[in-house]
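The values are calculated or read from the model by the stated rules, or taken from the named source; none is laboratory data. Here the structure is a predicted model, which is why all the values come from computation and not from measurement. For neighbour counting, all protein chains shown are included, and Cβ atoms are generated from backbone atoms with ideal geometry for every residue, glycine included.
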Amino acid sequence: MALHPSPRSDDLAKKFAEANEHWNLEKLYRDIANAKQQERRRQCKQLTPTEKACLRGLLSGYSPTEIATELNREPGGLRVELCRGLYRYIETVTDMYIKTYSNVSKLLENAGYKHQQKYRDVTCNVSTIQNPKSKIQNRVDWGEAIDVSIFYGRTDELTKLQQWIEQDKCRLITLLGMGGIGKTALSVKLAQLVQEGFEFVIWQSLRNSPPPPHIF
Ligand SMILES: Nc1ncnc2c1ncn2[C@@H]1O[C@H](COP(=O)(O)OP(=O)(O)O)[C@@H](O)[C@H]1O
Ligand SMILES: [Mg+2]
C-alpha cells in the first residue's frame, strides 16, 4: 500500500519555501535531525514537517509569532516548542547559544549552511536581485564599499545592530571609534546581512556632503 503524505504535511512543506534558494536545507535537516536524535535518545530520524517549516521561516527572516500565524498555531505554544526543541538542536549543531530567534540564521550561516552569495564587483552599477522575503525586486548599488568576503568575529555586534534595524526599526546608526578599528568593514557586513529587508540599498560616502544629485 502506498502511503501519501497527509494534506497537512504536504501543505506545511510549501511554507517558507523561499529558504530553499539560499540555504543548504537537506544538509541542515540531516544535521539537526541527528542532534535531535542525540538529545531525545530515541529513534527520530527526521524533523517533523512543522519543525522544518519553522526552520525555513526563521531562515527567511520571520519571527516565531509570524511563523505561528502562517502555520495557524498559537504563538505562545509554538515559541515554547521552539525553545524546547529546534533551538536546542541547533545549539548542538552549531555549538553556540541561541540568545534570540534572530540569532538562528546567523549562527547557521557562520556554520556554513548558507549558499555563498556572489557579491558583484564593487564598481558595478545598480542591478536587481530577487528579494526572497517580500517577493519584490530590490535594487542594490554597493558603490565603493570595501570587500568583506574575509571577515572575522564581531558576531555580537552584528546581532545587536541587525536587531536595531530589523526589530527596533532604527533609522540612523553611528559607529564611532579610532581609525582602522573596523567600522567600515562592520557596516558593509551589516548592510549585506540586512539588505533583503529593503527595496533599495545604496552604498555612498557622505564625506564632504555631496548634494543629492551627485549621490543618486
Ligand atoms: N572583522 C574583520 N575581519 C577582517 N578584517 C577586518 C575586520 N574589520 C576590519 N578589517 C580590516 O581592517 C582594515 C581596517 O578596517 P576599516 O573597516 O577600514 O576600519 P575603520 O573604518 O574603523 O577605519 C580593513 O582592511 C578591513 O578590511
Ligand atoms: Mg572607515
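Could you list all residues from segment 185-216 that are within 12 Å of ligand 2 (Cβ to nearest atom) and touching a residue at least 40 places away in the same chain (Cβ under 8 Å)? Break it down stepwise before answering.
Initial filter on segment 185-216 (within 12 Å of ligand 2 (Cβ to nearest atom)): 185-188, 205, 207.
Within segment 185-216, 188, 205 qualify.
Restricting the search to segment 95-120, which residues are among the β-branched types (Val, Ile, Thr) and either modelled with pLDDT under 90 or exposed (fewer than 13 other Cβ atoms within 10 Å of the Cβ) (or both)?
98, 100, listed by residue number.
Being out of contact with any strand residue (DSSP E or B) (no Cβ under 6 Å at 6 or more places or on another chain), of a type outside the set (Gly, Ala, Ser) and either at negative phi or buried (at least 18 other Cβ atoms within 10 Å of the Cβ) (or both) is true of residue 86. So for segment 152-170 (the condition being exposed (fewer than 11 other Cβ atoms within 10 Å of the Cβ), among the aromatic types (Phe, Trp, Tyr) and without any contact (Cβ under 8 Å) to a residue 24 or more places away in the chain), does at least one residue qualify? Looking through segment 152-170, at least one residue is exposed (fewer than 11 other Cβ atoms within 10 Å of the Cβ), among the aromatic types (Phe, Trp, Tyr) and without any contact (Cβ under 8 Å) to a residue 24 or more places away in the chain. The set of residues from segment 178-193 being more than 6 Å from ligand 1 (Cβ to nearest atom) and of a type in the set (A, V, I, L, M) comprises 178, 186, 188, 190, 191, 193. Every test in (1) touching a strand residue (DSSP E or B) at 6+ places or on another chain (Cβ under 8 Å); (2) more than 30 Å from residue 16 (Cβ to Cβ); (3) modelled with pLDDT of 90 or more is passed by residue 181 save one, and that test is (1). Taken over segment 148-184, the criterion of being over 20 Å from residue 196 (Cβ atoms) and within 16 Å of ligand 2 (Cβ to nearest atom) is satisfied by 174, 175, 176, 177, 178, 179, 180, 181, 182, 183, 184.
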